[in-house]
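The values are calculated or read from the model by the stated rules, or taken from the named source; none is laboratory data. On a predicted model such as this, the values are computed, not experimentally measured, just so you know. Note that we place each Cβ from the backbone using ideal geometry, even for glycine, and neighbour counts take in every protein chain shown. These accessible areas exclude ligands, DNA and RNA; they are computed on the full protein's heavy atoms, side chains included. Shrake-Rupley method; radii C 1.70, N 1.55, O 1.52, S 1.80 Å.
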Amino acid sequence: RHLSYGGSTLSIARHNLKKFNTNMASGTEYGELAKDVAAKVHEYFPGANFYTASLTSLDAQVTKDYYQDLLDTGIGDTTNGIALHTYSHAVIPEVGLVKEVKEYINKFEEYYGYTPRMTNSELGYVTQPQLSGALVTTDLELAKFNTRMYIFYTANKMFDEYAWYMLADSGTNKKSMEHVFGQTEVGWMGLGGKQRLAAKESFVAMTFMN
């Protein structure tokens, strides 16, 4: 699903969200597919970093079971990294999911004897007061929380790479989660007085952090 420049390929499966994984393919099925894709990628791009999993809801047992099935396929012999989403909208950034991330790294090391490269392929908060427990409700708060989250995980040496979610809001319905993640506005001139792709405070902060 994600192909990034610079030789890094991300193979994405959102196992526990049916809208992304409509036939609810298992970790075993995903692992076998990812191995085939990784082999083809390395055929054309030797030395590329290939990440698998892209797991969210890291503390859920269904996620841990899926990850176990994925590791059982021998994925670590073909790929060299895993991708995680550390969403925690109801807690401050300094709480984070360090314990959970370490568990996934340790499990990989137990299977394959080396430390995987790690990418946080979706790092961000959502500005949605309607979301139960969400702490961030304004664009300025989004900038502050994203900055603190980035500093927190970097200080704990959790990840080699980060990808912010997302560049632009997917729409203008502020009650839809996918419409309030963006670092920029989605609208165009005349729509709510917003300039298309106008930078929010978080975009400015993100630029200086990277």
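Whether a residue is open to solvent by less than 20 Å² (accessible area, probe 1.4 Å), small (Gly, Ala, Ser) and modelled with pLDDT under 85 was assessed, and Gly171 passes this test.
Residues in the stretch 54-97 that are within 18 Å of Glu161 (Cβ to Cβ) and part of a loop (DSSP other than H, G, I, E, B): Thr56, Leu58, Thr79, Asn80, Thr86, Tyr87, Gly96, Leu97.
For beta carbons closer than 7 Å, sequence separation of 6+ or different chains, a first residue in the stretch 156-183 that is closer than 13 Å to Leu84 by Cβ and a second that is in a loop (DSSP other than H, G, I, E, B), the qualifying pairs are Tyr165/Gly124; Tyr165/Phe181.
Among the residues of the stretch 135-152, how many are surrounded by fewer than 17 Cβ atoms within 10 Å (Cβ to Cβ), closer than 28 Å to Arg117 by Cβ and not β-branched (Val, Ile, Thr)? Residues that pass the stated criteria total 1.
Just give me the residues in the stretch 104-125 being in a helix (DSSP H, G or I) and open to solvent by 70 Å² or more (accessible area, probe 1.4 Å), in sequence order.
Taking the stretch 104-125 as the starting set, the residues that turn out to be in a helix (DSSP H, G or I) are 104-112.
Within the stretch 104-125, Asn106, Glu110, Tyr111 qualify.
Look at Glu100 and say whether it is over 14 Å from the mean Cα position of the chain (by Cα), at pLDDT 85 or above, buried (at least 18 other Cβ atoms within 10 Å of the Cβ) and outside any loop (DSSP other than H, G, I, E, B). The answer is yes for Glu100. Of the residues making up the stretch 38-53, those that are open to solvent by 60 Å² or more (accessible area, probe 1.4 Å) and either in contact (Cβ under 8 Å) with a residue 12 or more places away in the chain or assigned to a helix (DSSP H, G or I) (or both) are Lys40, Glu43, Tyr44, Phe45, Gly47. Take the conditions (1) open to solvent by 70 Å² or more (accessible area, probe 1.4 Å); (2) at pLDDT 90 or above; (3) touching a helix residue (DSSP H, G or I) at 6+ places or on another chain (Cβ under 9 Å); (4) over 21 Å from Val62 (Cα atoms); Ala155 misses just one of them, which is (3).
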